[in-house]
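Colleague: Take this structure first; my questions come after.
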Amino acid sequence: MFMDPKITLSGMNFQVTDTVADFGAGSGFLAFTLAQMIPSGHVFAIEINKDMVTRIAKEAEDKNITNIHPLWGDIEILGGSGLADAAVDTVVLSNVLFQLEDKKGVFAEVKRVLKPGGRVLLIDWSDSFSGLGPAPHHVFTKDQAMALLGEFGFIIKNDNLPVGDHHYAILSSI
């Protein structure tokens, strides 16, 4: 079974006014669920693929969702998200770590944009599955992710969130 975003995000205890950045938003799979959960807040859907940014913007417009803000950005570069320092309550990184060359760069950017006490939800593939997900040698393991979070001063709050059989999720705070 694969991740159901409503189930995964339900344990996050978002406030309706939170500001969340979805780093590597892709098609907006999580961003649209987040927008429903924080109707008076803001979701910054940051994506490097300009076609996906356009797609998210069009879908948000078609559905009259006004609290999603699609942004083109390179999350591996300090300042690359386009967000201000200490601008968001939570950063979500879902299914992106295995794709990134500069994993330390993305965590520097995450730390920069988080408010004091902010949280990061990291979701990634735990394995390759029937041709889906990353090649086995590209899987970034849960242990590797926890070590990298620790290196940047994040404190693990929960590493057992419901994300299906082929992913792991780690909730941490700064």
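The values are calculated or read from the model by the stated rules, or taken from the named source; none is laboratory data. Note that the structure is predicted; figures quoted are calculated from it, not measured. Cβ atoms come from the backbone with ideal geometry, glycine included; neighbour counts cover every protein chain shown. Only protein heavy atoms, including side chains, enter the accessible area calculation; ligands, DNA and RNA are left aside. Shrake-Rupley method; radii C 1.70, N 1.55, O 1.52, S 1.80 Å.
Colleague: Shape of the chain from its Cα gyration tensor (a ≥ b ≥ c, root eigenvalues): rounded if a/c is under 1.5, otherwise prolate when a/b > b/c, or oblate?
Modeller: Rounded.
Colleague: Tell me, what is the Rg over Rh of the range 1-81, with Rh the Kirkwood radius over Cα pairs?
Modeller: 0.96
Colleague: Looking at the chain, how many pairs of lysines come closer than 15 Å at the Cα, when each pair is eight or more places apart or spans two chains?
Modeller: So the count of such lysine pairs works out to 4.
Colleague: Hey, what number do you get for the chain at 222 nm if only DSSP H runs of n ≥ 4 count, each worth -39500 (n - 2.57), divided across all residues, to the nearest 500?
Modeller: One gets -8000 deg cm²/dmol as the mean residue ellipticity at 222 nm.
Colleague: Kirkwood hydrodynamic radius (Cα pairs, Å) of the range 24-122?
Modeller: 13.5
Colleague: Could you tell me which residue out of LEU97, ILE65, LEU148 lies farthest along the dipole of the chain toward its positive end? Charges go on the beta carbon: Lys and Arg +1, Asp and Glu -1, centred on the Cα centre.
Modeller: Going by the charge dipole, the pick is ILE65.
Colleague: What does the extension gain come out to for HIS166 and LEU132, with contour length at 0.36 nm per residue minus their alpha carbon separation?
Modeller: 11.3 nm
Colleague: Any chance you could check the Cα centroid distance between the range 37-70 and the range 96-174 for me, in angstrom?
Modeller: Taking the Cα centre of each part, the range 37-70 and the range 96-174 sit 22 Å apart.
Colleague: Which ³J(HN,Hα) values, rounded to whole Hz and listed in residue order, are derived for the range 24-40 from phi using the Karplus coefficients 6.51, -1.76 and 1.60 in 6.51 cos²θ - 1.76 cosθ + 1.60 with θ = phi - 60°, glycine and proline given as x?
Modeller: x, 5, x, 7, x, 3, 7, 4, 5, 5, 4, 4, 5, 6, 10, x, 9
Colleague: Over the range 91-130, how many percent of alpha carbon pairs lie in each 5 Å bin up to the one with the longest distance?
Modeller: Bin by bin from 0 Å, the calculated values are 6, 21, 29, 23, 12, 6, 3, 1, 0.
Colleague: Next up: Tally up the carbon and sulfur contribution to the accessible surface of the range 7-65 as a whole percent, 1.4 Å probe, everything protein left in place.
Modeller: C and S atoms contribute 51 percent here.
Colleague: Here is a further query. Considering only protein heavy atoms, what per residue accessible area in square angstrom results for the chain with a 1.4 angstrom probe?
Modeller: Dividing the accessible area of the chain by its residue count gives 47 Å².
Colleague: Can I ask one more? Loop only per DSSP, at most 14 neighbouring Cβ atoms within 10 Å: give me the GluC sites (Glu not before Pro) in the range 90-174, ordered by residue number.
Modeller: For GluC sites (Glu not before Pro) across the range 90-174 that sit outside H, G, I, E and B with at most 14 neighbouring Cβ atoms in 10 Å, the list reads GLU101.
Colleague: How big is the dipole moment of the range 29-136 about its Cα centre under a simple scheme where the beta carbon of each Lys and Arg is +1, that of each Asp and Glu is -1, and everything else is neutral? Debye, nearest 20, please.
Modeller: Here the range 29-136 has a charge dipole of around 260 debye.
Colleague: Continuing with the same structure: What is the sum of charges around LYS142, taking Lys and Arg as +1, Asp and Glu as -1, for the other residues whose C-beta is under 11 Å from the C-beta of LYS142?
Modeller: Once all neighbours under 11 Å are counted, the net charge is -4.
Colleague: Now for a different question. Can you list the chymotrypsin sites (Phe, Trp or Tyr not before Pro) in the range 124-174 that are in a DSSP coil and have 16 or fewer other beta carbons within 10 angstrom?
Modeller: Qualifying residues, ordered by number: PHE152.
Colleague: Moving to a separate point now. Beyond 21 Å, how much of the Cα-Cα pair distribution for the range 78-174 remains, as a whole percent?
Modeller: The share of Cα pairs beyond 21 Å in the range 78-174 comes to 30 percent.
Colleague: Given the Cα-Cα distance of ALA57 and GLN99 and 0.36 nm per residue of separation, how much length would full extension add, in nm?
Modeller: Between ALA57 and GLN99, full extension yields 12.8 nm more.
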